[in-house]
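K.L.:
Dropping the structure in here first, questions after.
Nothing in this text is a laboratory measurement; each read-out follows from the coordinates by a stated rule. The structure displayed is predicted, hence computed values, not measured ones. Cβ placement follows ideal geometry from the backbone for every residue including glycine, while neighbour counts extend to all protein chains displayed.
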């Protein structure tokens, strides 16, 4: 039995990093954008852990602990910012904040209409079965 | 560049295996990204699964199937598939769950990489704290029905191309480096075998014939010299070659002396074999040995386990603690400070003035 080469772990880390990058660039929901950033950090962590393993040294693992610390700070600040932004515009869409773009840039306009929301099935109407018994009024003990 | 990493022309064997998984994966992500008139989900899903399987077969080939490789494949496939789900999912709550799957499978990979403390810490921090906070925010900001934020993407084509060009570059460099290291390593191994055969001969004349004439291209010492990407080893090989020619062939102990020289050459080759892929720091850099062998220790002097991998300290949390509070004391204090500042900042930002 031979051990896996280092190269395999680096491939997985690179794929996670690239997927996170695509998500961060393409998605418009603030929360999903931040989740994608966290996924990029996971890809980097796999790289560090793999290098630590193939060197027999714990420094890579110590670096991952710092990544986790900074990610926790980032999540705290980002969620606070998201809450504040949501209070201002009542939406998590980043494109609502495109007034902040560079002076020469064209604004993004959504031309294609969203499809109509699927109609929710109405709640079932239950016919009462039998006759409702008379309730005895309980006297208050107060 | 000792290995000629950026000078050599890429061969077809290096870039061909990358093209198909990358194209299929890019097409899958492009089809699956949310947009108002969505493509059928099954097309993207099929393409994506095909890309993952192809990438597994072409990029992470490994000769044997063992529990370790099986676990590696399943954890990484789970991580990649749930990562793709996170990127393409409409519903933010489901995206958060997909993210927790990514974290869990990354933790599996951490376990395979002998990092149990990190596994536990990551599960507790990410899957516990961060996901709960995210779900809390999603609940606060939940909207009814479809919205622009969840059902549209910014420039799906351009972002997919950007991401996959980056991925292709990373994978190509990895593949290239891996192959090149393998080629040099195999060549060194062949030469070591050849030298051992020469050393087993029992007359100096036969040895001389095998080694070749001094100055000849095909001479054993010259072959080693050409192969070594490091100057100090090259000089040492040259020195050994000179010593070899300096042996008095008529001496009674000539054969012992020749064997000593050949053994020196084999030792040099083994040093080179272990140095491949090793970028040593400057020799006078101060390193402690609190977190395992410091990077200045030559790779062949690191203790190894049965699989030929460096041995990790058995007591992972204890050694990690020693490393953190020995090597990284100042960064740990700074990290604590950062957490405090982030907490204060988060409260200050989110505070609602009535």
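K.L.:
Return the tail of the calculated pair distribution for segment A:94-142, meaning the percent of Cα-Cα pairs more than 16 Å apart.
P.N.:
In whole percent, the share of Cα-Cα pairs in segment A:94-142 beyond 16 Å is 75.
K.L.:
Follow-up. So for each of B:105-114, A:97-106 I average, over its residues, the number of other beta carbons within 10 Å; can you give me the resulting order with the highest mean first?
P.N.:
Going from most to least packed, we get B:105-114, A:97-106.
K.L.:
Out of B:31, B:265, B:339, any idea which swings most in a Gaussian network model of chain B, alpha carbons joined below 10 Å?
P.N.:
B:339
K.L.:
Sticking with this one: How high is the relative contact order of segment B:54-142, in percent, with contacts defined as C-alpha pairs under 8 Å that are six or more residues apart? Walk me through the numbers before you get to the answer.
P.N.:
Details: 63 pairs, mean separation 22.1, N = 89.
That works out to 25 percent.
K.L.:
For segment B:250-354, what ratio Rg/Rh do Cα atoms give with a Kirkwood hydrodynamic radius?
P.N.:
Result: Rg/Rh = 1.32.
K.L.:
So what is the diffusion coefficient of segment B:201-275 in µm² per second by Stokes-Einstein at 10 °C and 1.306 mPa s, using a Kirkwood Rh over Cα pairs?
P.N.:
Answer, rounded: 126 µm²/s.
K.L.:
Ok, one more. Segment A:6-93: D in µm²/s via Stokes-Einstein (Kirkwood Rh, Cα pairs, 25 °C, 0.890 mPa s)?
P.N.:
Value of D from the Cα-based Kirkwood radius: 173 µm²/s.
K.L.:
Put a dot 7 Å past each Cα toward the Cβ at residue A:117 and residue B:162; how far apart are the dots in nm?
P.N.:
3.1 nm
K.L.:
Go ahead and estimate [θ] at 222 nm for chain B from helices alone: -39,500 (n - 2.57) per DSSP H run with n ≥ 4, summed, over the residue count, rounded to 500.
P.N.:
-22500 deg cm²/dmol
K.L.:
Okay, next question. Using only the Cα atoms of segment B:12-168, what semi-axes does the equivalent ellipsoid have when each is the square root of 5 times a gyration tensor eigenvalue? Give whole Å, largest first.
P.N.:
Semi-axes, largest first: 28, 25, 11 Å.
K.L.:
For B:204, B:132, what ranking results if the residue with the fewest other Cβ atoms within 10 Å of its Cβ goes first?
P.N.:
Ordered by Cβ neighbours within 10 Å, fewest first: B:132, B:204.
K.L.:
Let me test this: with uniform point scatterers at the alpha carbons of segment B:315-354, what is the Debye-based log₁₀ I(q)/I(0) at q = 0.19, 0.27, 0.28 1/Å?
P.N.:
Result of the Debye calculation: -0.63, -0.84, -0.86.
K.L.:
Once you place label points 7 Å from the Cα toward the Cβ at residue B:94 and residue B:172, how far apart are they in nm?
P.N.:
Result for the modelled spin labels: 3.6 nm.
K.L.:
Please list the equivalent ellipsoid semi-axes of chain B, computed as the square roots of five times the alpha-carbon gyration tensor eigenvalues, in descending order and whole angstrom. Present the calculation step by step, with values, prior to reporting the outcome.
P.N.:
Details: eigenvalues 580, 156, 59 Å².
In descending order the semi-axes read 54, 28, 17 Å.
K.L.:
Let me ask something else. Roughly what % of Cα-Cα distances in segment A:1-53 sit above 17 Å, to the whole percent? Walk me through the intermediate numbers first.
P.N.:
Working: 558 of 1378 pairs.
So the pairs more than 17 Å apart make up 40 percent of the total in segment A:1-53.
K.L.:
Inside 10 Å of the C-beta atoms of A:41-52, what's the mean count of C-beta atoms belonging to other chains?
P.N.:
5
K.L.:
Only counting other Cβ atoms within 10 Å, I'd like B:39, A:54, B:177 sorted with the fewest neighbours first.
P.N.:
Fewest-to-most Cβ neighbours within 10 Å comes out as B:39, B:177, A:54.
K.L.:
Okay, moving on. Taking the Cα-to-Cβ direction at residue B:253 and at residue B:267 and moving 7 Å from each Cα, how far apart do the two end points lie in nm?
P.N.:
1.7 nm
K.L.:
Scattering from the C-alpha atoms of the protein assembly as shown alone, worked out with Debye: what is log10 I(q)/I(0) at q = 0.06 1/Å?
P.N.:
-0.41
K.L.:
How big is the C-alpha Rg of segment A:46-106 next to the rule-of-thumb value 2.2 N^0.38 Å, as a ratio?
P.N.:
For segment A:46-106, the normalised Cα radius of gyration is 1.80.
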